[in-house]
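What follows is a single structure, written as structure tokens, with notes after it.
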Amino acid sequence: MSAVRIRDEQSQAPHFEHVAVAVREHLGFAALPRVGDIDRETFQREYLEPERPVVLQNLACDWPALRKWTPEYLGAKHGDRLVKVYDASFAAPGSSYMGAVRQLSFREYLELVVSGSLDARMFLYNIAKQMPQLVDDIVLPAIADGFSRRFVFLFAGCKGSATPLHYDIDMAHVFHTPLTGTRRITLFSPSDSANLYQHPCTVRSYVDLNSPDFRKHPRLRKTHGYRGRLVAGETLFIPSRYWHYVEYEQGGYAISLRCRHQRLRTRMKGYLYLGLLSPTDRLLNRLFGEHWFEWKDTRAHAVADAKDRPLSTSGSAGPH
Ligand SMILES: O=C(O)CCC(=O)C(=O)O
């Protein structure tokens, strides 16, 4: 399918000002912390161990990818490769659950990223497997142990795309560095999972941050999240199990590095999701579609409602 045709099919892009107003008026957010240069000890003490998110402004400043990876360079090197593209229907229940909406050449997709505003994302694209020469342009950070050159994931999106609210299924810590474009980031701590009505067997929340429905999701008001903007060259540290919602203010691409969690128990939980819960969710989706979705939603509400009792005497736990 040609880029021109796809451009004609432009979908409704989320309106970021509207999002900002809705979120500011109804939910309490702290600004995402930011640091410049940081040494290993400080990072581990202040952010990794307590699992606090932070924007690391200089972590990637020596990556050759930041200079080299223009759309023209990537197109010349790997433009003919076919890539799968996803949109907001990714999480819709039914037979297409988690399926790609189309396949096109990387060159065509990059053209869209530069100039289009289609809801079209590439995600979890492991360049270590698909385009291994590119990995030489990334420097694994020395501020933590547990990175692997075998898992270097590309995430890309056109202006107006959004990555739904989720946390990463393998429970790894994520270091997310846009190489081009700016993103608005919303994060919530794992302690907000019930307040976000997490669907069982998944790492997804279906609350609508663009226009929160507090009658349907009253506990959303109890959340204490972070908001901030991430620009090209900065690295967002997303601690294990932290909820993230990413809005592409401009089209662009990013690299996410994963850092294995230091505790075996947390890693085991990741294997449980990857090996059992997620395959079960996919199967039940295929078999029961909407009914399975509704069951998960009912469970999510039951878990959230159960939280209300103890909370009438104590406050909610937030990330700050
Ligand atoms: O950039 C994105 O689209 C989302 C990034 C993300 O979800 C991740 O790195 O885990």
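Values quoted throughout were computed directly from the atomic coordinates according to the rules given, and no laboratory measurement underlies them. Keep in mind it's a predicted model, so treat the numbers as computed, not measured. Ideal geometry is used to build each Cβ from the backbone, glycine not excepted, and the neighbour counts take in all protein chains shown.
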Proximal lysine pairs in the chain, meaning Cα under 27 Å and 8 or more positions apart or interchain, come to 18
Contour minus Cα-Cα span, Asp136 to Glu46, at 0.36 nm per residue, comes to 29.4 nm
Expressed in angstrom and rounded, the centroid-to-centroid distance over alpha carbons for the range 237-281 and the range 97-154 is 15 Å
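Can you give the percent of C-alpha pairs in the chain whose distance is more than 25 Å?
On the way: 26300 of 51040 pairs.
When all Cα pairs of the chain are counted, 52 percent exceed 25 Å.
How much length is gained if the chain between Arg215 and Met268 is pulled fully straight, taking 0.36 nm per residue apart and subtracting their Cα-Cα distance, in nm to one decimal? Mind showing how you got there, number by number?
On the way: separation 53, 0.36 × 53 = 19.08 nm, distance 3.62 nm.
Taking Arg215 through Met268 to full extension adds about 15.5 nm, to one decimal.
Between Asn58 and Ala100, what FRET efficiency follows from the Cβ-Cβ distance if R0 is 45 Å, with the result rounded to 0.05? Don't jump to the answer; show the numbers that get you there.
Details: r = 35 Å, r/R0 = 0.78.
About 0.80, to the nearest 0.05.
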The size of the Cβ-based charge dipole (Lys, Arg +1; Asp, Glu -1) of the range 71-227 about the Cα centre, to the nearest 20 debye, is 440 debye
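Compute the relative contact order of the range 10-305 as a whole-number percentage, counting only Cα pairs closer than 8 Å that sit 6 or more residues apart in sequence.
Values: 618 pairs, mean separation 77.7, N = 296.
Computed over the range 10-305, the figure is 26 percent.
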